[in-house]
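In what follows, a structure is listed as structure tokens, so that the remarks can point back to it.
The values are calculated or read from the model by the stated rules, or taken from the named source; none is laboratory data. Please read these numbers as outputs of a predicted model, since none were measured by experiment. Heads up, the Cβs are rebuilt from the backbone with ideal geometry, glycines too, and the neighbour counts pull from every protein chain shown.
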Amino acid sequence: MGFDYSKISDLCIKCGKCIPECTIHRINKDEVTSPRGFLDLLNAVNNNEIELDKTTKDIFESCFLCTNCVDVCPNSLHTDFAIENIRRDIADKFGLAWYKRAFFYLLRHRWAFDLVAKFGYMFQTCGFKIEEEKNAMRSRFSLPLIKKDRLLPSMKRVPFLKKYPQYIKADKPDKKVAIFIGCLANYNYVEVGDSLVEILKILNIDIFIPKKQMCCAAPAYFTGDFKTVDKLAKYNLEYFNEFIDDVDAILVPEATCSAMLKVDYEHYLQEYAPQYLPLHQKIKSKIFGATEWLYANTNLLELLTKQERSVTYHDPCHFRKVQGIYKQPRAFLQQAYNFKEMSDPNVCCGFGGITMQTEKFHLAQKAGAIKAEMIDQTQAEFVSAECSACRIQITQSLNEFNSSAIFKHPLELIYQALKNEN
């Protein structure tokens with residue numbers, strides 16, 4: 001093992017402030033599956049006191065990586081980074097499941113992902129039932145370890161990156177932005193990118209869509225495939241550098257992607273590729289969440305008037321806790337809709353990454369049930385979050401809870417309000 005876990009674990013003062021906030025401990029009240037329990041185990045593995053075996057593997061893979069513990073820790077210990085690194089050691093020792101290896105291959109090769117998406121769309125139209133009202137589909141078949149009653153996002157006929165030209169010019173614009181779309185919004189939730197493009201057109205902003213952008217590498221990072229992370233992080237930074245001086249910002253309508261590009265890249269590079277840190281610092285200053293930038297740099301808020309429909313907002317972990325973004329999307333939704341705050345919008349929805357959604361979905365269901373009940377209690381028509389991973393999890397959880405609330409991205413709701421006004 002190359003990473004020294006004692007750099008983090010030795011600084012834990014065992015105060016226990018993290019435990020009430022921990023997503024896994026909330027549904028599995030065992031000290032082992034708590035942040036300080038994880039850190040104790042990491043220290044024991046680091047000192048060769050216990051073996052990294054299938055039991056410890058199972059424990060370390062039960063963390064949701066929600067960063068609640070980092071958010072409340074008096075020492076701001078990055079327990080999430082330690083667990084991401086131990087998952088790298090787990091992947092090196094035990095290997096990755098075939099479907100994870102296949103998925104990460106697609107992330108590294110856009111042409112292959114495009115091909116799979118194309119055939120995926122063709123297949124689902126004849127082999128799957130698409131539930132349009134939830135913007136999800138229920139499979140008649142199931143991948144290994146995926147339940148047959150799972151709701152999965154449908155593939156769109158044309159991905160976002162193939163739908164638009166590279167440049168969308170405005171009439172006498174005073175700003176120019178690039179869009180980093182993210183894999184789920186590119187292939188599944190294309191309406192997110194559509195809404196962002198239309199909003200930018202209304203605001204008379206030049207749009208640049210970098211066609212060669214690759215996955216931010218978040219799925220691989222949270223699973224422990226650091227080889228994929230290394231390739232994608234370096235590629236994206238070098239590619240962004242080609243146009244970064246020509247744009248005012250890179251807008252990312254996904255909480256996980258923006259956190260990966262701004263925060264997790266920095267953690268990774270500090271440890272494994274410090275020579276890329278100066279380039280990352282240059283690019284990071286122009287990466288923004290979509291509503292974050294729109295709120296600070298445009299008059300979009302002034303263009304919105306109140307609609308009759310109601311909405312509640314869920315704080316994605318990678319937005320509020322990792323980047324401190326929570327006021328901006330709320331400001332737009334409060335201006336345009338009847339806004340209903342849920343009892344604890346900061347509670348993790350329970351998505352948790354690929355392993356949690358496949359091998360440990362029973363844990364995701366338990367965490368999701370807590371969030372679904374909160375949403376349902378507001379009696380809002382829509383629930384919104386600037387994160388497509390949250391969208392998958394919350395849609396599934398609401399379905400299991402038999403709630404009538406429908407998930408919509410903030411950009412979709414903002415654009416809908418603009419359309420209604422015009």
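Pairing each residue of the range 298-317 that is touching a residue at least 40 places away in the same chain (Cβ under 8 Å) and of a type in the set (Val, Ile, Thr) with any residue that is surrounded by 15 or more Cβ atoms within 10 Å (Cβ to Cβ) and part of a helix (DSSP H, G or I), provided the two are 6+ apart or on different chains, yields C-beta distances under 7 Å for Val311/Leu333; Val311/Leu413; Thr312/Ile375; Thr312/Thr378.
A single member of Leu304, Leu279, Leu294 is of a type outside the set (Phe, Trp, Tyr), out of contact with any Asp or Glu (no Cβ under 8 Å at 6 or more places or on another chain) and buried (at least 16 other Cβ atoms within 10 Å of the Cβ), and it is Leu294.
Restricting the range 371-384 to residues that are out of contact with any helix residue (DSSP H, G or I) (no Cβ under 7 Å at 6 or more places or on another chain) and hydrophobic (A, V, I, L, M, F, W, C) leaves a set whose member that is surrounded by the most Cβ atoms within 10 Å (Cβ to Cβ) is Ala380.
Among the conditions (1) touching a helix residue (DSSP H, G or I) at 6+ places or on another chain (Cβ under 6 Å); (2) surrounded by fewer than 18 Cβ atoms within 10 Å (Cβ to Cβ), the only one that Pro410 does not satisfy is (2). Restricting Asp315, Asp264, Asp344 to those that are at pLDDT 95 or above and farther than 23 Å from Val192 by Cβ reduces the list to Asp344.
Where in the range 14-68 are there helices (runs of 4 or more DSSP H), lying wholly inside it, with at least 3 residues that are closer than 19 Å to Asp344 by Cα?
Qualifying helices (runs of 4 or more DSSP H): 23-27.
One line per residue, one yes/no per condition, for (1) more than 15 Å from Tyr5 (Cβ to Cβ); (2) charged (D, E, K, R):
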position: Asp30; (1), (2): yes, yes
position: Asp40; (1), (2): no, yes
position: Ile50; (1), (2): no, no
position: Ile59; (1), (2): no, no
position: Leu65; (1), (2): yes, no
position: Asp71; (1), (2): yes, yes
position: Ile83; (1), (2): no, no
position: Phe103; (1), (2): yes, no
position: Trp111; (1), (2): yes, no
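Only one entry of Ala91, Ala82 meets the criterion of being surrounded by fewer than 23 Cβ atoms within 10 Å (Cβ to Cβ) and part of a helix (DSSP H, G or I), and that entry is Ala91.
Out of Ile19, Ile59, one residue alone is out of contact with any Pro (no Cβ under 9 Å at 6 or more places or on another chain), outside the structural domain of Val263 (by TED's automatic domain parsing) and surrounded by 13 or more Cβ atoms within 10 Å (Cβ to Cβ). It is Ile59. Counting the residues of the range 74-96 that are without any contact (Cβ under 8 Å) to a residue 60 or more places away in the chain and over 26 Å from Ser34 (Cβ atoms) gives 1.
Of the helices (runs of 4 or more DSSP H) that lie entirely inside the range 321-417, those containing 1 or more residues that are of a type in the set (Phe, Trp, Tyr) and in the same structural domain as Ser310 (by TED's automatic domain parsing) span 327-336, 361-378, 388-401.
Looking only at the range 96-113, decide whether some residue is in a strand (DSSP E or B) and either over 30 Å from Ile406 (Cα atoms) or at pLDDT below 90 (or both). No, there is no match, as no residue in the range 96-113 is in a strand (DSSP E or B) and either over 30 Å from Ile406 (Cα atoms) or at pLDDT below 90 (or both). The set of residues in the range 1-13 that are assigned to a loop (DSSP other than H, G, I, E, B) and either acidic (Asp, Glu) or farther than 16 Å from Asn68 by Cβ (or both) comprises Met1, Gly2, Phe3, Asp4, Tyr5, Asp10, Leu11, Ile13.
Of all the residues that make up the range 334-362, how many are among the aliphatic types (A, V, I, L, M) and surrounded by fewer than 23 Cβ atoms within 10 Å (Cβ to Cβ)?
3
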